Amino acid sequence: MAVPAFDPKELEVTGQTHTLHGSVPMYNYPVTMGEAFIAAVRDRKPIWEISGIESQIFTPRLIPDNVARALVFEAKPFDALKDGGGKDMFGIDWEYIPVAGGSMVRPGKPFMDDMNDWEDKIVWPDVDSWDWEGSAKENKDYVSTGKNIQVWFQTGWFERIISFMEFEGAIMALFDEDQQDAIHAFFDKLSDLYINIIDHFVKYFPQVTSFYMHDDWGSQKETFFSPALVEEMIVPHMKKVTDHIHKIGRCAELHSCG
């Protein structure tokens, strides 16, 4: 897309939009916000400095993880206090914690203690059985705003094994040579699952322009592990998903605390 020449009319305020951080002005933009996002992120030819208001989170309750983790953004209102928590797509039970504004798996009774057991213990979700057509009808207007419609994956690779093994078990498994082959095999199949979900989104919600992968690798103080370990254990599988997102003409974004 050619970058349009600046027109002083672009500084005219045309309204207000509400964000997580309050109300901000809307201007007489020369292109849609979604086009501005794509120009900056994919094409590397920014039309203006994007700030976040160009994106609209799309995490429909269609995906069990979004309800379990109490982060549903779609046309139908969602009450995290009333409806947040419950079973994710793997049947793992999450509990919504109001003071934290999010959900966690209640500690003390991990689903499994050794990643070598994953093939025997894990039941994989049937993505085709989810009501994609119904969600597409309900959210037709929600995804037609002209913004960058961004689908969030709340539980990435490391966070997924945390949900199975709790934090201590998951982080030790990454270092344990006896579990690393099993983790690679699991991450490879998990990446295929995420690609399948992505393809369903593109089919039923063609307005989706980007996918946001969430996988925390650190705390306020320090990273959980070395960059070398991430490169060895996680990056190849993350790259598999990212390459697919790029192949289908969408943008990929990684969120990682730490």
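The values are calculated or read from the model by the stated rules, or taken from the named source; none is laboratory data. Keep in mind it's a predicted model, so treat the numbers as computed, not measured. So basically every Cβ, Gly included, is an ideal-geometry build from the backbone, and we count neighbours across all protein chains shown. Remember, those area values only see protein heavy atoms, side chains included, never the ligands or the DNA or RNA. Shrake-Rupley method; radii C 1.70, N 1.55, O 1.52, S 1.80 Å.
Evaluate the relative contact order of the chain (contact order divided by residue number), counting alpha-carbon pairs under 8 angstrom at least 6 apart; express in whole percent.
Value for the chain: 16 percent.
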Requested in this report: Using only Cα atoms, tell me the angle between helix 177-204 and the longest principal axis of the chain; keep it within 0 to 90° and round to the nearest 10.
Outcome: 30 degrees
Query raised in the report: ³J(HN,Hα) across the stretch 152-157 via Karplus (A = 6.51, B = -1.76, C = 1.60, θ = phi - 60°), whole Hz, x for Gly/Pro?
Result: 9, 9, 5, 10, x, 8
Query raised in the report: Mean residue ellipticity at 222 nm from the helices of the chain, using -39,500 (n - 2.57) per DSSP H segment of n ≥ 4 over the full residue count, to the nearest 500 deg cm²/dmol?
Result: -11000 deg cm²/dmol
Report task. Determine the distance separating the Cα centre of the stretch 3-32 from the Cα centre of the stretch 94-135; give it in Å without decimals. Result -> 40 Å
Query raised in the report: Roughly speaking, what is the stretch gain from residue 3 to residue 235, that is 0.36 nm per residue apart minus the C-alpha to C-alpha distance, in nm to one decimal?
Result: 80.1 nm
Query raised in the report: Given charges of +1 on the Cβ of Lys and Arg and -1 on the Cβ of Asp and Glu, with all other atoms neutral, how large is the dipole of the stretch 195-258 about its Cα centre, in debye to the nearest 20?
Result: 280 debye
Requested in this report: Report, in debye and to the nearest 20, how large the dipole of the stretch 34-104 comes out about its Cα centre when Lys and Arg carry +1 and Asp and Glu carry -1 on their Cβ.
Outcome: 100 debye
Query raised in the report: For residue 81, what accessible area in Å² do you get when you roll a 1.4 Å probe over the heavy atoms of the protein chains, rounding to the nearest 10?
Result: 130 Å²
**Report entry** Radius of gyration, Dmax [the stretch 66-175; alpha carbons; angstrom]
**Finding:** 16.1, 46
Query - Label point at residue 119 placed 7 Å out along Cα→Cβ; residues across the stretch 192-235 whose backbone nitrogen lies under 20 Å - result: 192-194
Query raised in the report: Using modelled backbone amide H atoms (1.01 Å from N, in-plane), which distant-in-sequence or interchain residues come within less than 5 Å of residue 149's amide H?
Result: 56, 209, 210
Query raised in the report: Roughly how big is the chain's charge dipole about its Cα centre, with Cβ charges of +1 (Lys, Arg) and -1 (Asp, Glu), in debye to the nearest 20?
Result: 1080 debye
**Report entry** Cut-off under 5 Å, modelled amide H: who pairs with residue 17 long-range
**Finding:** 24, 26
Report task. Using θ = phi - 60° and the Karplus relation 6.51 cos²θ - 1.76 cosθ + 1.60, list the HN-Hα couplings for the stretch 216-222 in order, rounded to whole Hz, with x at every Gly or Pro. Result -> 5, 10, x, 10, 4, 8, 6
Report summary line: Of the candidates 91, 150, 127, the farthest towards the positive dipole end of the stretch 80-173 (Lys/Arg Cβ +1, Asp/Glu Cβ -1, centred on the Cα centre) is 150
**Report entry** Potential lengthening between residue 17 and residue 31 on full extension [0.36 nm per residue; Cα-Cα distance subtracted]
**Finding:** 3.4 nm
Query raised in the report: Could you state the per residue volume, in Å³, of the convex hull enclosing the Cα atoms of the stretch 156-258?
Result: 99 Å³
**Report entry** Inter-label distance, nm, simple model (7 Å from Cα along the C-beta direction), residue 10/residue 246
**Finding:** 2.8 nm
Report task. Collect residues whose amide H, placed 1.01 Å from N in the peptide plane, falls under 5 Å from the amide H of residue 102; neighbours closer than 5 in sequence don't count. Result -> 97
**Report entry** Residue-wise HN-Hα coupling along the stretch 90-100, computed from phi with Karplus coefficients 6.51, -1.76, 1.60 (Hz; x: Gly, Pro)
**Finding:** 9, x, 7, 8, 10, 10, 6, 10, x, 5, 8
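Hey, any idea what Rg/Rh is for the chain, computing Rh the Kirkwood way over Cα pairs? Numbers along the way, then the final one.
Working: Rg = 19.7 Å, Rh = 19.9 Å.
Ratio of gyration radius to Kirkwood radius: 0.99.
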Query raised in the report: Any idea of residue 93's accessible area? Nearest 10 Å², probe 1.4 Å.
Result: 90 Å²
Query raised in the report: Helix 158-175 sits at what angle to the longest principal axis of the chain, using alpha carbons and giving 0 to 90 degrees rounded to 10?
Result: 60 degrees
Report task. Using only Cα atoms, tell me the angle between helix 235-247 and the longest principal axis of the chain; keep it within 0 to 90° and round to the nearest 10. Result -> 30 degrees
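What number comes out for the charge environment of residue 165, summing +1 per Lys or Arg and -1 per Asp or Glu over other residues with Cβ under 13 Å away?
-4
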Requested in this report: Give the total of Lys-Lys pairs in the stretch 57-165 with Cα-Cα distances below 26 Å; include a pair only if its members are 8 or more places apart or on different chains.
Outcome: 12
